[in-house]
Amino acid sequence: MARPSEKRLAHFRQMVAYDQAIAGFGTSLAGMDEAGRGPLFGNVVAACVIMPASPLHEWIDDSKKLSAAKREEMYDRIMETAIYAGVGYATTQEIDQMNILNATKLAMERAAEKAPATLCIVDAVRDLYLPFPIRSIIKGDSTSYHVAAASIVAKVTRDRQMAEYGKQYPQYGLERNMGYGTAEHIAALKQFGPTPEHRRTFIRNFMQGDVAE
């Protein structure tokens, strides 16, 4: 596997250094992130990851900065070497019932509930009910090695779900738009109506009041 560019390696070292300065690095320091807060379709996915001090995977970065192929590759590396890798979900129905922020918190709590962590770095979200403290930081997925790893696990997990839903509901292009409100997706919504997995609270504006509660 080719090594990252020098610019990417410098950023990687900064992320690792951030985590190395925290007690528990390599044993009980966790990172957590989510995928799927913005889409019109499907659940929100959270991942909580504890990585060992070695090996360090140089391609780990904010999932949005990696190609789909590289995310898949890093997902496999993370799952092979992680001390802990937990995934949690909040369903479409839970999102509609409690709003996306509270549903994201629920997914995170589910992802981390069995983590043997002494501290968890979380991307932006605060006020989680967990048996260990959290450190919430803005842009955590580009600051912390552990949060970046969690962002990859959450993103790949959700993208795989969308690929499967794309087979079940081919008219919406879910395997391409990942449930986001692209022109193709919105046009399909207007033509075919919503599926049970569309977020009713997210699609009202597109459906002009035609969405059942």
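The values are calculated or read from the model by the stated rules, or taken from the named source; none is laboratory data. Just so it is clear, the structure is predicted and the values come from calculations on it, not from any experiment. Cβ atoms come from the backbone with ideal geometry, glycine included; neighbour counts cover every protein chain shown.
Entry remark, the stretch 158-187: residues being out of contact with any Gly (no Cβ under 6 Å at 6 or more places or on another chain), assigned to a helix (DSSP H, G or I) and surrounded by fewer than 20 Cβ atoms within 10 Å (Cβ to Cβ) number 13 in total. The conditions of being of a type in the set (A, V, I, L, M, F, W, C), closer than 12 Å to VAL153 by Cα and either in contact with a helix residue (DSSP H, G or I) (Cβ under 9 Å, 6 or more places away or on another chain) or modelled with pLDDT under 95 (or both) are met by VAL49. The test for being more than 23 Å from ALA53 (Cα to Cα) and surrounded by fewer than 18 Cβ atoms within 10 Å (Cβ to Cβ) holds for GLY193.
Of all residue pairs spaced 6 or more apart or on separate chains, those with beta-carbon atoms under 6 Å, a first member in the stretch 174-187 that is at pLDDT 95 or above and a second member that is outside any loop (DSSP other than H, G, I, E, B) and hydroxyl-bearing (Ser, Thr, Tyr) are LEU174/TYR165; HIS185/TYR172.
For ALA115, state whether it is out of contact with any Ser or Thr (no Cβ under 8 Å at 6 or more places or on another chain) and not polar (S, T, N, Q).
Yes, satisfied.
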